[in-house]
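Written out below as structure tokens is the structure these notes cover.
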Amino acid sequence: MSTIDLGMPTSGIAGVPLLAHGEQQTKRDFTSDQEVRWCPGCGDYIILNAVQSFLPELGLRRENIVFISGIGCSSRFPYYLDTYGMHSIHGRAPAIATGLATSRPDLSVWVVTGDGDALSIGGNHLIHALRRNVNLKILLFNNKIYGLTKGQYSPTSEVGAVTKSTPFGSVDQPFNPISLALGAEASFVARTIDSDRKHLTDVLRAAAQHRGSALVEIYQNCPIFNDGAFDVLKDAQESVARVLRLVDGEPVRAGEGDDARVVIRTDAGELELVPEPGADPARVVVHDASAPNPAAAFAMSRFDGPDMTTVPMGIFRNVARPTYDDGVRAQVAAASPDGPATDDELLALLHGGDTWSVTG
Amino acid sequence: MSNLKQINSVVVRFAGDSGDGMQLTGDRFTSDSAVLGIDLSTLPNFPAEIRAPQGTLPGVSSFQLHFADHSALTPGDAPDVLVAMNPAALKANLGDLPRGSTIIVNSDEFTKRNLSKVGYPTSPLDDDSLEAWQVHAVPLTSITVEALADFDLGRKDKERAKNMFTLGLLSWMYTRPLDGTYAFLRTKFAKQPDILEANLTALRAGHAYGETTEAFSVQYAVAPAPMEPGTYRNITGNVATAYGLATAAHRAKLPLVLGSYPITPASDLLHNLSRLKHFGVTTIQAEDEIAAVGSALGASFGGAIGVTTTSGPGLALKSETIGLAVALELPLVVIDVQRGGPSTGLPTKTEQADLLQAMFGRNGESPVAVIAANSPADCFEAAVDAVRIATTYRTPVILLTDGYLANGSQPWRLPASIDELPDLSVEFASEPNATDAKGNPVFHPYVRDAETLARAWAVPGTPGLEHRVGGIEKADGTGEISYDPANHDHMVRTRQAKIDGIVVPDLAVDDPSGDAKLLVLGWGSTYGPIAAGVRLARATGARVARAHLRNLAPLPANLGDVLRSYDRVLLPEMNLGQLALLLRGKYLVDIRSHTAVRGLPFTAVEIATAIDEHLDKLDGLVGDQEGTA
């Protein structure tokens, strides 16, 4: 795309101070002194571990990193990272982070949220942060259940889910978070899973580098209220058959050998998953997350089958477009070519319009 | 040549269809009066609908202006002159007109169709129903069109200039110079020379019409009012608030971030601030009221002055985030331009019924500082003060203005230099402020200043001070999550003590007789009407004291003593007695309420009448059975 020709930064961490040459950080530097209080076996531990291990590689000054969360199990995340952090209120983290990121270009701002926090009570803020393309990295831990309130169905729980609040099964149609994000004009949308450390880290790395809003959906197991929700994706054999790997420049396929399936484009222009043996090579879709038109990414997101028979994983979309915060700051900068207003300029503003004098 | 009469004050009301340009006409007449040094006070009054059906009662918009050779104080109780651009405007306003006052109507609009729209069976211009008033029926539309005969414009465009013709006529009547309006029009229509010329011509024609028509034989002049020496401008409350915020940010040397969502009558704050980027102001039009306050709070966390502007329904939506700011102990300025409620209520009308919401409208014990501006010009200082308290004490501050202050205007004495304004410099934390168990220096976010109880404001980007804050109760000092009962009790009391300890000036009492038994107490925008009512009462010999509250949380330290030193305290409020409820509870003083919620400010006569009634009761002239009114 050619929409970033505005002299704007192109990396998600541009403008954030780096460590001095030779300085090194390790996972320990990002570990706070707080005792981690998630349930034993919670997927959040793995994600925390991966994030703490990954952050040093960005080479950013620790004090210039901020994690903001909402409410829910995942939202305790900031307490365990030795950066600046705010545990805010339910659903509102993207709004709070928007204010911070807009006023502080020298910060790398991350939002940690869950399926209830981001997609239910905070749905409005999520879509508008994505639409505006604020330079935020949004980590959406999706366990398809409300954990902290002890087991009610969430906006990603499947129809029929039997939970504390749906003893006869949920009748709610769930959101597909990827489709939702793409519909909200998101410029970076990815899905990964807590158990695949390498994939998770690769996705985080790409998200951090992306200038603009990055939505990363992370499938995360809740061992207490929705245990095993993603087991089929964690089983070596099952996952091979079910997971559609999204890798730039490669065909999108699941399965191996004779059972392999591949995504092709039909005459009607639609994407279809067909057995790879015998598929017309000319029709095989080669993944391109940077495609300007989000249609292919959206079609890809619709391969989410019921019961996770097919689950696309990876970066669906990664395009450059102007960010809200860069745009806002550019306007302020353009209005102040000679720096901040002087006393005289302020006085002139106050004295603007028709004035008159009264003498003593 | 007509004869010229000197008068002390006049109240003029311009009324017409929402699309007739009455607000603009009133605005210009105001500016042209202000530059003469005449004191004034204005009250725009318009429907919530942008363009209600033409010629109907719901579509009537008006602008009232009171100008005087003494302190005007209010927009005036009742018009001396009504300009009615159509039958609807006449019908909607006639009830407010004292007998003998002047009515100027646009007779062209008194057609059968327009008359029937508002239920006039026959034209009131043709029968004797308006006998009690001095009526000038002027075909404003057709004269304007005629005056513009040579212009190559459509009839609609020519008709549209009738408000300038009207302004010209009124300017002649009240000996106003037209220069200000010439300049205004030249800027406004710089890119439409035809329209500009048409408007200038209509304005001049109106002026000439007054001069040459025998019907208007008298011209009136109002002398300049005595005012403190200085440079003045006319200003509305919303502009004054916006300028106050920008000025405070300038004096604090911090960026100001406004998170806002459009809502009447607060939207002009967003509009005005969005033009002040050069003054370090960033505006975010958020997706909703909650995101608006959220983005402001996020900016405050980052070391900016976070501000959000709204009206009552929006304040309700922001409650939870304001509560978070109370827990985080970060600066946050919330401006509530009050309007009639509950729910959508009366979006374009004024009220003071959000006081209890501002004080208590959050879960838990959630104290914030509350300030109420008392006049359009006072909004400037009130906004500066709100920022000062927020940054000094690291607390949310709710500034209450209202629709009357926001849209009303008055002369404002401008600061001669920026140095006159308080220095609002802020110090961020830069060093560790505690030691851990091993004796290493660490940063504890809830270590407090002994005097203000404000916690350290350590902004991201400061090395070594990395910390986490949140809405869960924290241990005082370390800021770690704490569910300890004693700590929670301590923190709840500490947050309250911090608000209670904010230094605010003592309440000043105006009691010229020195022996008044009755105190009239007010807060917020009732300042003008109460002062005018007290002036009226005193003119008839009443001995009455007056005081006005600006700080509502905390209240001035001497307030209890003041209340107890009068036999009776009368408290007029545009709600059902919200401040009276608070003061009765806090001071055990039998405050007498005088309340009205009509969407309009009190009149001076109404206040003076209430004063007289209470004085009669105090003197034992009348029984006093009802307790509070």
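Of all residues in the stretch A:59-82 being over 17 Å from the mean Cα position of the chain (by Cα) and under 24 Å from A:Pro105 (Cβ atoms), which is farthest from the other protein chains (Cβ to nearest Cβ)?
A:Gly59
How about the stretch A:78-94: which of its residues are assigned to a loop (DSSP other than H, G, I, E, B), open to solvent by 10 Å² or more (accessible area, probe 1.4 Å) and touching a Gly at 6+ places or on another chain (Cβ under 8 Å)?
Passing the criteria: A:Ile89, A:His90, A:Arg92.
Please name all residue pairs, on different chains or six or more residues apart, with Cβ atoms under 6 Å, provided the first residue is in the stretch B:492-514 and is open to solvent by 60 Å² or more (accessible area, probe 1.4 Å) and the second residue is at pLDDT 95 or above and part of a loop (DSSP other than H, G, I, E, B).
These pairs meet every condition: B:Gln496/B:Pro367; B:Asp500/B:Pro554; B:Asp506/B:Pro556; B:Asp506/B:Asn558.
Among what's in the stretch B:279-303 and is among the charged types (D, E, K, R) and within 7 Å of another protein chain (Cβ to nearest Cβ), pick the residue that is surrounded by the fewest Cβ atoms within 10 Å (Cβ to Cβ).
At the first step, the residues of the stretch B:279-303 found to be among the charged types (D, E, K, R) are B:287-289.
Next cut, within 7 Å of another protein chain (Cβ to nearest Cβ) only: B:287-288.
On the way: B:Glu287: 20, B:Asp288: 16.
Per the criteria, the residue is B:Asp288.
Condition first: in contact with a His (Cβ under 9 Å, 6 or more places away or on another chain) and crowded, with 18+ Cβ neighbours inside 10 Å. Can you find one or more residues in the stretch B:109-117 that meet it?
Looking for residues that are in contact with a His (Cβ under 9 Å, 6 or more places away or on another chain) and crowded, with 18+ Cβ neighbours inside 10 Å, one finds none in the stretch B:109-117, hence no.
Answer yes or no as to whether A:Ser32 is within 18 Å of the chain's Cα centre (by Cα) and within 14 Å of chain B (Cβ to nearest Cβ).
Criteria not met by A:Ser32.
Could you tell me which residue of the stretch B:438-459 is nearest to the other protein chains (Cβ to nearest Cβ), considering only residues that are open to solvent by 20 Å² or more (accessible area, probe 1.4 Å) and in a strand (DSSP E or B)?
Per the criteria, the residue is B:Val442.
Answer yes if at least one residue in the stretch A:20-40 is out of contact with any strand residue (DSSP E or B) (no Cβ under 6 Å at 6 or more places or on another chain), among the small types (Gly, Ala, Ser) and surrounded by fewer than 16 Cβ atoms within 10 Å (Cβ to Cβ), and no otherwise.
Scanning the stretch A:20-40, I find at least one residue that is out of contact with any strand residue (DSSP E or B) (no Cβ under 6 Å at 6 or more places or on another chain), among the small types (Gly, Ala, Ser) and surrounded by fewer than 16 Cβ atoms within 10 Å (Cβ to Cβ), so the answer is yes.
Please report, ordered by residue number, the strands (runs of 3 or more DSSP E) entirely within the stretch B:1-104 with at least 3 residues that are more than 14 Å from chain A (Cβ to nearest Cβ) and under 23 Å from the mean Cα position of the chain (by Cα).
Hits in the stretch B:1-104: B:9-17, B:39-45, B:60-68.
In the stretch B:251-278, what residues are more than 23 Å from the chain's Cα centre (by Cα) and open to solvent by 30 Å² or more (accessible area, probe 1.4 Å)?
B:Arg251, B:Lys253, B:Pro255, B:Lys277, B:His278
Among (1) open to solvent by less than 10 Å² (accessible area, probe 1.4 Å); (2) at positive phi, which single condition is B:Gly345 missing?
Going through (1) open to solvent by less than 10 Å² (accessible area, probe 1.4 Å); (2) at positive phi one by one, B:Gly345 breaks only (1).
What is the one condition in (1) open to solvent by 10 Å² or more (accessible area, probe 1.4 Å); (2) closer than 26 Å to B:Gly298 by Cα; (3) in contact (Cβ under 8 Å) with a residue 12 or more places away in the chain that B:Phe360 does not satisfy?
Unmet for B:Phe360, out of (1) open to solvent by 10 Å² or more (accessible area, probe 1.4 Å); (2) closer than 26 Å to B:Gly298 by Cα; (3) in contact (Cβ under 8 Å) with a residue 12 or more places away in the chain: (3).
Suppose we filter B:Thr462, B:Thr435 for residues that are open to solvent by 10 Å² or more (accessible area, probe 1.4 Å) and free of Cβ contacts under 8 Å to residues at least 24 places away in the same chain; which single one remains?
From the options B:Thr462, B:Thr435, the qualifying one is B:Thr435.
Please name all residue pairs, on different chains or six or more residues apart, with Cβ atoms under 6 Å, provided the first residue is in the stretch B:313-342 and is away from every other protein chain (no Cβ under 14 Å) and the second residue is assigned to a loop (DSSP other than H, G, I, E, B) and among the small types (Gly, Ala, Ser).
Pairs that qualify, where the first residue is away from every other protein chain (no Cβ under 14 Å) and the partner is assigned to a loop (DSSP other than H, G, I, E, B) and among the small types (Gly, Ala, Ser), are B:Val337/B:Ala266; B:Val337/B:Ser311; B:Arg339/B:Ser311; B:Gly340/B:Gly599; B:Gly341/B:Ala353.
From the set of residues in the stretch A:331-360 that are farther than 30 Å from B:Gly230 by Cβ and either of a type in the set (S, T, N, Q) or open to solvent by 40 Å² or more (accessible area, probe 1.4 Å) (or both), which is nearest to the other protein chains (Cβ to nearest Cβ)?
Looking at the filtered set, the residue picked out is A:Gln331.
Determine which single condition A:Arg253 fails, assuming it passes every other condition in (1) of a type in the set (Lys, Arg); (2) in contact (Cβ under 8 Å) with a residue 40 or more places away in the chain; (3) out of contact with any Gly (no Cβ under 9 Å at 6 or more places or on another chain).
(2)
Show me the helices (runs of 4 or more DSSP H) entirely contained within the stretch B:555-629 in which 2 or more residues are in contact (Cβ under 8 Å) with a residue 60 or more places away in the chain.
Those helices (runs of 4 or more DSSP H) span B:578-587, B:604-618.
What's the number of the only condition in (1) assigned to a loop (DSSP other than H, G, I, E, B); (2) touching a strand residue (DSSP E or B) at 6+ places or on another chain (Cβ under 9 Å); (3) more than 14 Å from chain A (Cβ to nearest Cβ); (4) not small (Gly, Ala, Ser) that B:Asp506 fails to meet?
That leaves (2) as the condition not met.
Considering the stretch A:109-129 alone, what residues qualify as being within 13 Å of another protein chain (Cβ to nearest Cβ) and either surrounded by fewer than 24 Cβ atoms within 10 Å (Cβ to Cβ) or within 12 Å of the chain's Cα centre (by Cα) (or both)?
A:Val109, A:Trp110, A:Val111, A:Val112, A:Ile121, A:Gly123, A:Asn124, A:Leu126, A:Ile127, A:His128, A:Ala129
Test A:Arg132 against the criterion of being buried (at least 18 other Cβ atoms within 10 Å of the Cβ) and within 14 Å of another protein chain (Cβ to nearest Cβ), and give yes or no.
Criteria met by A:Arg132.
The values are calculated or read from the model by the stated rules, or taken from the named source; none is laboratory data. Given the structure is predicted, the values throughout are model-derived calculations rather than measurements. Because the Cβ atoms are built from the backbone with ideal geometry, glycine has one as well, and the counts that use them run over all protein chains shown. With ligands, DNA and RNA removed, areas are computed over all heavy atoms of the protein, side chains included. Shrake-Rupley method; radii C 1.70, N 1.55, O 1.52, S 1.80 Å.
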